[in-house]
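Trainee: Below: one structure in structure tokens.
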Amino acid sequence: MTVYGFTLVLVGGPPDLLERHVDDFYDAGCGDALFGERDGAVYADFSREAAGLANAVSSAISDVEGTVDGVVVARVEPDALVTLADIAERLERSEESVRLLIVGKRGPGRFPVPVARLGRRKSRLWRWTDVLSWMDSWHVASAGRDRDALVIEAINGALAYRRASACLHERDICEIAPLVATGR
């Protein structure tokens, strides 16, 4: 068994969720998590032992969501979308080194294109799995990080689908479902 570290971002429940229910979370099997709140968001930082990351995350989600009515997991972090600074930190490189990779002055070129640009300054965001795939193609091994990143990306996709489908008409869900089932 391996210990996996990840964070669940929680939404819903009463405004004083942690004040009233932190012991309930621990009693429900979340003794391997530290709960906290920042800027109105509730987080649960887990160090969970399991046979695989998917098992660790899914069991944590089940434990959290089964504890307090209305509490659901919005997403799992580390997130799949990363900034230049995040890429540098995760690859243990300087920001300048990553910037040179992005503009093609280092490495094989053709760095993944950003998937989004946010805010007034148009801060760029990349998909972490795209960056890892590119690094692997450059023969810089990611030592299993790419698989863990794909697992988290898939779980976050499932959580996003679950939230969106709760607000959609049944007809829309039926039209979307084949997209989810294809690809293999």
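The values are calculated or read from the model by the stated rules, or taken from the named source; none is laboratory data. A quick note: this is a predicted structure, and the numbers were derived from the prediction, not measured. Note that we place each Cβ from the backbone using ideal geometry, even for glycine, and neighbour counts take in every protein chain shown.
Trainee: Can you tell me how many residues in the stretch 6-30 are loosely packed, with under 13 Cβ neighbours inside 10 Å and within 23 Å of D79 (Cα to Cα)?
Mentor: Of the residues in that region, 0 qualify.
Trainee: If you take the residues of the stretch 58-102 that are of a type in the set (D, E, K, R) and in a helix (DSSP H, G or I), which of them is surrounded by the fewest Cβ atoms within 10 Å (Cβ to Cβ)?
Mentor: Among those residues, the one meeting the criterion is E96.
Trainee: Residues of the stretch 10-37 being within 24 Å of A160 (Cβ to Cβ) and either part of a strand (DSSP E or B) or of a type in the set (S, T, Y) (or both), which ones?
Mentor: The answer is L10, V11, A33, F35, G36, E37.
Trainee: If you go through the stretch 42-57 one residue at a time, do you hit one that is surrounded by 12 or more Cβ atoms within 10 Å (Cβ to Cβ), farther than 28 Å from S165 by Cβ and without any contact (Cβ under 8 Å) to a residue 24 or more places away in the chain?
Mentor: Within the stretch 42-57 (the criterion being surrounded by 12 or more Cβ atoms within 10 Å (Cβ to Cβ), farther than 28 Å from S165 by Cβ and without any contact (Cβ under 8 Å) to a residue 24 or more places away in the chain), the answer is no, since none of the residues qualifies.
Trainee: List pairs: first residue in the stretch 132-156 and more than 22 Å from L8 (Cβ to Cβ), second residue modelled with pLDDT of 80 or more and outside any helix (DSSP H, G or I) anywhere in the structure, Cβ distance under 8 angstrom, at least six positions apart or on different chains.
Mentor: S133/P112; W134/R110; W134/F111; W134/P112; S137/P108; W138/G107; W138/P108
Trainee: Separate question: For D69, only one of the following conditions fails: (1) more than 30 Å from D16 (Cβ to Cβ); (2) among the acidic types (D, E); (3) in the same structural domain as L34 (by TED's automatic domain parsing). What is its number?
Mentor: Failed condition: (1).
Trainee: Considering only residues that are of a type in the set (K, R) and assigned to a loop (DSSP other than H, G, I, E, B), look in the stretch 103-126 and name the one that is surrounded by the fewest Cβ atoms within 10 Å (Cβ to Cβ). Please lay out each step first, then the result.
Mentor: The first filter runs over the stretch 103-126 and keeps only residues of a type in the set (K, R), leaving 105-106, 110, 117, 120-122, 124.
Pick out the ones that are also assigned to a loop (DSSP other than H, G, I, E, B) and you get 105-106, 110, 120-122.
On the way: K105: 9, R106: 16, R110: 10, R120: 5, R121: 7, K122: 9.
Residue satisfying both the conditions and the ranking: R120.
Trainee: Of all residues in the stretch 7-41, how many are closer than 22 Å to A149 by Cα and in contact (Cβ under 8 Å) with a residue 40 or more places away in the chain?
Mentor: Looking only at that region, the number is 4.
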